[in-house]
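Down below is the structure, laid out as structure tokens.
The values are calculated or read from the model by the stated rules, or taken from the named source; none is laboratory data. Computed from a predicted model, the values in this text were never measured in an experiment. Every residue, glycine as well, gets a Cβ built from its backbone with ideal geometry; the counts of neighbours run over all protein chains shown.
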Amino acid sequence: MVLWDPDTQRFFYNVWDVAQSTMAWGFSKDSNPTTIPASFCNYTASFGYNPSADIPDYPKLGQTKGFLLIGVNHYPSFSSMHADRSDVLWISKPKGQSPVTTCPAASTFTTGKFTNLKNSDGSQAFTPVPAIQTDPSGTGFVTTMSDIECPDICGTGTKITVHAVRANPHNPAVPQLLTTGHSITVPGFTSPPNAPQSGTTNVLDTLDGRLTHSVSGIDPSHSNKLAVWVAHTVAGGAGSQINWYEINPLPVASPSMFQSGTVSDASLYVFNAGISNDRMVVASGTGSHGDAMVLGFSTSSSSTFPAAQMVSKIGTGAQSAFVLVDQSATFDNDFTCTNATGNGCRWGDYGGATPDPAAPAGAHGEVWCTNEHVVTIGKSNGTWNWEAKP
């Protein structure tokens, strides 16, 4: 996963090394990387996981001014039916916006982890997703939710939980995180069924209701308060729909909803959400926009091939109709379909969205979205990137 950090004016990345249960991470030497790996400083961080007993799955990257944050679902083995806990890993960030010519030694950076996050009622929190900050702040937010993995937990979830993180006031080199967060009660949600495709019995994995993406930033339509945007795929509509939330994370002890909504269709399965505000913050820290959102997603049905689509919403205005971005030429039949274990073709944790930090002047910013598409039967699926204006 890659993010743009407006505070240091550079890109950061994180990749899970499955064999070693470590994280490969790094950052661009300046704001305009042109080659891989030469334009980046590259490192490996171990967080004490044992490759034979610890599976830090589904790593999601976010940040604060001081730290990179990586949320993971922890599984004791690859055969485990559900996560036994959720962790947040942290890495200290380089300081300043100046270009780097010589990469700092790995020992320059500190690392650590918080384990076993909980909802406010003490139940297991699932899928920690740190927010990608568009307005740099020393305080960040990680969202989790009720664990409804299916199989074998299933059930109905009602909690979206917010965990605040900040530098330890007694030792700013390390962060503090509320491992037991403060939960918001939302309408009940359940895990969605897999999505059918035209021309095949192969179905697409719509995931298990987990949160997929989070972006935070100031929202001028809510008195310039900070907002956290998150989304997930749940049962609804033709089979699956997307629920999205704009969360007011403050005060820390009592987060609330600014607004929420659904992306649903009576004939299409809707899934694989990536949501973002349109906030733009330049190197000086000056920000603009932030009252609009774009949400990219996938659709499919028994009579249609997978497609990338989007909706947008500005302030208190109505959510837009679906906008078709890319129509796959055929159905998905990649190797994960051939070797599927009942979960369908792997599809559904690649949706992303973040605001363009260099969007041109205008009434609203712009958002870059990422989704998946199929070009040729039996071939590896491709990535479709596009820039959208709300």
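Is at least one residue of region 337-357 in contact with a Cys (Cβ under 6 Å, 6 or more places away or on another chain), at pLDDT below 95 and more than 30 Å from Gly96 (Cα to Cα)? Taking every residue of region 337-357 in turn, at least one turns out to be in contact with a Cys (Cβ under 6 Å, 6 or more places away or on another chain), at pLDDT below 95 and more than 30 Å from Gly96 (Cα to Cα).
From the list Phe78, Phe109, Phe114, the one residue that fits, being of a type outside the set (A, V, I, L, M) and within 23 Å of Phe11 (Cβ to Cβ), is Phe109. Against the test of being aromatic (Phe, Trp, Tyr), touching a residue at least 12 places away in the same chain (Cβ under 8 Å), over 30 Å from Ser328 (Cβ atoms) and crowded, with 17+ Cβ neighbours inside 10 Å, the options Phe141, Phe189 yield a single qualifying residue, Phe141. For residues that are modelled with pLDDT of 95 or more and among the β-branched types (Val, Ile, Thr), scanning just region 282-314, find the one that is nearest to the chain's Cα centre (by Cα). So, considering only residues that are modelled with pLDDT of 95 or more and among the β-branched types (Val, Ile, Thr), the one nearest to the chain's Cα centre (by Cα) is Val294.
Taking the numbered list (1) under 26 Å from Gly352 (Cα atoms); (2) touching a Pro at 6+ places or on another chain (Cβ under 9 Å); (3) surrounded by fewer than 21 Cβ atoms within 10 Å (Cβ to Cβ) in turn, Thr156 passes all entries but (2).
If you check Ala283 against the conditions, is it closer than 12 Å to Pro192 by Cβ and in contact (Cβ under 8 Å) with a residue 24 or more places away in the chain? When the stated conditions are applied, Ala283 does not pass them. With respect to Ala253, determine if the residue is aliphatic (A, V, I, L, M), in contact with a His (Cβ under 8 Å, 6 or more places away or on another chain) and at pLDDT 95 or above. Judged against the criteria, Ala253 is a match.
For the residues Lys65, Lys95, the requirement of being at pLDDT below 95, surrounded by fewer than 21 Cβ atoms within 10 Å (Cβ to Cβ) and among the basic types (Lys, Arg) singles out Lys95.
Entry remark, region 28-77: residues being in contact (Cβ under 8 Å) with a residue 12 or more places away in the chain and over 27 Å from Val100 (Cβ atoms) number 16 in total.
Results for (1) surrounded by 19 or more Cβ atoms within 10 Å (Cβ to Cβ); (2) more than 25 Å from Thr134 (Cα to Cα); (3) of a type in the set (S, T, N, Q); (4) over 20 Å from the mean Cα position of the chain (by Cα), shown as yes or no for each residue.
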residue: Pro169; (1), (2), (3), (4): no, no, no, yes
residue: Gln176; (1), (2), (3), (4): no, no, yes, yes
residue: Thr185; (1), (2), (3), (4): no, yes, yes, yes
residue: Gln197; (1), (2), (3), (4): yes, yes, yes, yes
residue: Leu207; (1), (2), (3), (4): yes, yes, no, no
residue: Arg210; (1), (2), (3), (4): yes, no, no, no
residue: Ala227; (1), (2), (3), (4): yes, no, no, no
residue: Val230; (1), (2), (3), (4): yes, no, no, no
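Of the strands (runs of 3 or more DSSP E) lying entirely inside region 185-289, those containing at least 1 residues that are of a type in the set (Asp, Glu) span 211-219, 239-248. Scanning region 289-304 turns up no residue that is aromatic (Phe, Trp, Tyr) and within 18 Å of Phe189 (Cα to Cα).
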